[in-house]
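The next block holds one structure in the form of structure tokens; read it before the comments.
The values are calculated or read from the model by the stated rules, or taken from the named source; none is laboratory data. Note that the coordinates shown come from a computational prediction; the quantities given were computed from them, not determined experimentally. Positions of Cβ are backbone-derived with ideal geometry, glycine not excepted, and every protein chain shown enters the neighbour counts. Areas reflect the complete protein model, heavy atoms only, side chains present, ligands, DNA and RNA absent. Shrake-Rupley method; radii C 1.70, N 1.55, O 1.52, S 1.80 Å.
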Amino acid sequence: MPIDSPKPLGTISPAPSRLAAFFRDVYVFDWDKLTFRADLILVLPVALCLAIGLAAGHPGAALITAGGAATIGFGAKQQIGESRLLPMILASLGIAFSTFLGMIAGHTNAVLVPLAGLWGFGYGVLTKREAGYGWVGQQCVVTLLVGSAFPFSAKAASVRALLLLAGGAVQVVSTSVALRLWTQLRTDLAQLGSHIRAEQDALRAAMLEIASDVKQFQFSDSVVPYAIRLMITLAVSTEIYRQLHFSSGYWIPMTALLVLKPGIADTASRAIARTLGTIAGAWVLTVLVAHFTPSTVGLAIFALIFAWLSYATVNVNYALFAVCITGYIVFLLSLAQIPEGEIAGRRALCTAIGGALALTVRLLVIHYRRRPRSSEAVGS
């Protein structure tokens with residue numbers, strides 16, 4: 001699953017030239033953050049989930065469980081308070097719950113579209129807090145969208161949610177052992193109820209703050225505008241994906257979610273980098289498939305290699321990360337007997353549409369903000 005590491009809303013980056021800023025996520029490489037050796041411990045749980053599922057003759061279950069483990073592995077690069085495990089634990093619970101809701105809501109657009117908007121708004125609110133919270137919220141939105149593509153019964157939704165939770169649990173336990181964080185794991189689990197109650201209090205406080213901002217119409221330092229943009233973008237892009245009846249169309253709102261940032265330059269940079277990276281990744285996969293005809297085991301090995309590359313490059317360069325995550329997703333989904341080239345083509349198209357939607361929303365906001373000033377200038 002595609003992963004991003006959201007910055008807190010108040011984070012300010014150095015301002016390069018305007019044109020260069022639009023391509024920053026394409027040409028800026030921070031090689032000091034390359035983490036090949038350290039990330040091997042994150043790949044092992046994914047390999048374990050794939051091996052068990054394939055050996056048991058259930059490639060679909062292997063795909064889902066490994067996907068959960070891979071997603072939660074990115075949480076090891078996050079932190080909440082002093083804990084590196086808490087983001088992983090909360091995300092494991094969150095993606096399971098969101099997947100269940102997405103699969104149930106996926107039966108009707110009248111429920112799914114508002115729910116996607118609500119999840120987007122919630123993620124926007126979380127971006128004002130520590131980055132680990134934003135990451136957890138982002139994964140919940142992503143899995144809600146993915147789940148919506150599989151509108152099955154409550155029983156089937158429960159099974160899929162539990163498989164994701166199992167994959168996340170394998171990753172959490174494995175990471176705890178490998179990083180010698182067993183004591184931290186016991187502490188976090190023992191205090192999980194307290195953490196959840198604290199989050200409920202934080203949610204109430206955030207809602208009161210938002211209500212106050214709206215009442216006073218004070219948005220200069222408020223999370224409300226960004227949260228509303230996310231809500232509208234997610235609702236619109238989800239409706240588009242549902243109306244298109246396009247296989248794997250959930251990548252459209254998912255891309256819009258991942259690239260829409262508070263600033264126009266950041267949004268454009270992410271959209272361009274993700275689109276170019278995805279297209280490049282699709283091309284790399286076409287070359288690989290042309291030279292190899294991977295068996296089921298071969299597909300699993302390729303998925304693991306690209307998962308490892310994704311972990312290693314996520315903080316190096318966003319376009320490069322998009323290349324790697326495309327490879328991982330394509331080979332993982334190929335375990336469900338879908339041709340690799342078909343998956344790669346769909347992903348590239350949906351990514352381009354989702355990126356264009358996010359950029360369009362951001363440009364419309366800028367146009368709306370400038371209209372009153374233009375009117376005042378004409379009147380004077």
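Summary table
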quantity	calculated
Dipole in debye (nearest 20) - the stretch 268-380, about Cα centre, beta carbon charges: Lys, Arg +1; Asp, Glu -1	640 debye
Candidate residues I252, I366: accessible-area rank, largest first, probe 1.4 Å	I366, I252
Helix-derived mean residue ellipticity, 222 nm - over the chain, DSSP H n ≥ 4, -39500 (n - 2.57), to 500	-25500 deg cm²/dmol
Farthest positive-ward along the chain dipole, Cα basis, beta-carbon charges - from F74, P339, A198	A198
Probe 1.4 Å, protein heavy atoms only - accessible area per residue of the chain in square angstrom	46 Å²
For the chain, size of Cβ-based charge dipole, Lys and Arg +1, Asp and Glu -1, in debye	440 debye
Helix runs (DSSP H) in the chain reaching 15 Å along axis by Cα, Kyte-Doolittle at least 0.0	40-55, 59-73, 86-105, 109-126, 131-148, 154-178, 224-244, 264-291, 296-313, 318-333, 340-379
Solvent-accessible area, 1.4 Å probe, carbon plus sulfur percent, for the stretch 16-167	71 percent
Pairs of lysine residues in the chain - Cα separation under 22 Å, sequence separation of 8 or more or cross-chain	9
Gap separating the Cα centres of the stretch 280-307 and the stretch 47-101, nearest whole Å	22 Å
For the stretch 223-251 and the stretch 112-178, distance of Cα centres in Å	16 Å
